[in-house]
1. Can you list residues from other chains, or at least 5 along the same chain, whose modelled amide H is less than 5 Å from the amide H of W134?
2. Using a/c under 1.5 as the rounded threshold, could you call segment 123-282 rounded, prolate or oblate? The axes a ≥ b ≥ c are square roots of the C-alpha gyration tensor eigenvalues, and prolate needs a/b larger than b/c, oblate otherwise.
3. Once ligands and nucleic acids are excluded and a 1.4 Å probe is used, how much of H38 is accessible, expressed in Å² to the nearest 10?
4. Using only the C-alpha atoms of the chain, find the volume of their convex hull and express it per residue in Å³.
5. Dipole of the chain, Cα-centred, from +1 at each Lys and Arg C-beta and -1 at each Asp and Glu C-beta, to the nearest 20 debye?
6. Given H placed 1.01 Å from N in the peptide plane, which residues other than close sequence neighbours of M89 have an amide H under 5 Å from its amide H?
7. Which lysines, on any chain, are close to K117 with Cα under 25 Å apart, when same-chain ones fewer than 8 places away are left out?
8. Bin by bin, in steps of 10 Å, what percent of the Cα pairs in segment 100-163 do you find, going until the bin that has the longest distance?
Amino acid sequence: MAQLFLRYSLVVLLATVYGAHGCTSVEFGGHKFRWSFHNPVPGYECVHILEGAEPKETTWRDNYFCSQRTTAAEHPGFRWSSAGPIRGMKCTQIYERADPHTWHDNYLCVPCYSPLKLSWSSAGPIAGRSCVQWLEPSDSAGTWHDNFLCFEERTFRPAVWPNDFRWSSAGSLPNYSCVQIREPAEPAQTTWNDNYFCSSCDAHYQGFRWSYHNPLPGMRCTRILELADPHTWQDNYLCVPHSSNLHLLWNSAGPIPGKKCIRWYEGADNAGTWGDNYLCKN
């Protein structure tokens, strides 16, 4: 009972400083961002910030990070993960080294091409940036009194081939924008259902689209053909907008001499000879 009374008294005291929901807030980029250590903030869109390993007495189960648009800006699309970065999103590690409750794998993520650049500090606000404090007064052992999430406007650099591009035969990748490479005629045992071609979230958006049934109208398409594979690969194409500076070449018999190439490999499709196929930049 005494512990509950102390918790209630602390919330009331901090509400005087931080507002009725225990909030700290900042405005940036057409949004108002607020942290709450006491339930979602009415009128805001909130994401639940939860580390399941935290004991009950640290009261992390009612903590939320919230946003409200102050202009016509798009919703920031925040997602939280307590088990590593989220595939296909741009993620920022939220880490308090002094907290023993597995904070090393916690991430706040935004869509790959969000205009928000997030930075985290567990030792006070970052100079020159707009920051909002993440405070949990009940977690004194975890030193959650000097942690801040800070905001900048993101700038995107030109993509560099092949450094900013990756092939994955095991799902999409965190911090990359990925297009699924799929041929429906492939049987389940060749595992083409989890293959992706990806580009870095830090570089300009590439606009890749995949077609397993002929070129896409209004786009510049490269035929992806493996003659040894019997599963209708003759009509598959990877496409980019005409405005893209990527002029791509395909070869199913090794990298093209003199070109920079990325290997497309599916180890489960041995019969289709997917061990020597490469996408290259002209």
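The values are calculated or read from the model by the stated rules, or taken from the named source; none is laboratory data. Only a predicted model underlies this, so the values are computations on that prediction, with no experimental measurement involved. Here the Cβ is made from the backbone with ideal geometry for all residues, glycine too, and neighbour counts use every protein chain on show. Accessible surface areas use protein heavy atoms only, side chains included; no ligands, DNA or RNA. Shrake-Rupley method; radii C 1.70, N 1.55, O 1.52, S 1.80 Å.
1. Amide H to amide H, under 5 Å and 5 or more residues apart or across chains, W134 pairs with N147, F148, L149.
2. prolate
3. So the heavy atoms of H38 present about 60 Å² to solvent.
4. It comes to 168 Å³ per residue, whole-number rounded.
5. On the way: 23 positive and 26 negative charges, 160 e Å.
It works out to roughly 760 debye.
6. So M89 has HN proximity to N175, Y176.
7. By straight Cα distance, K117 reaches K32, K90.
8. 18, 39, 28, 11, 3
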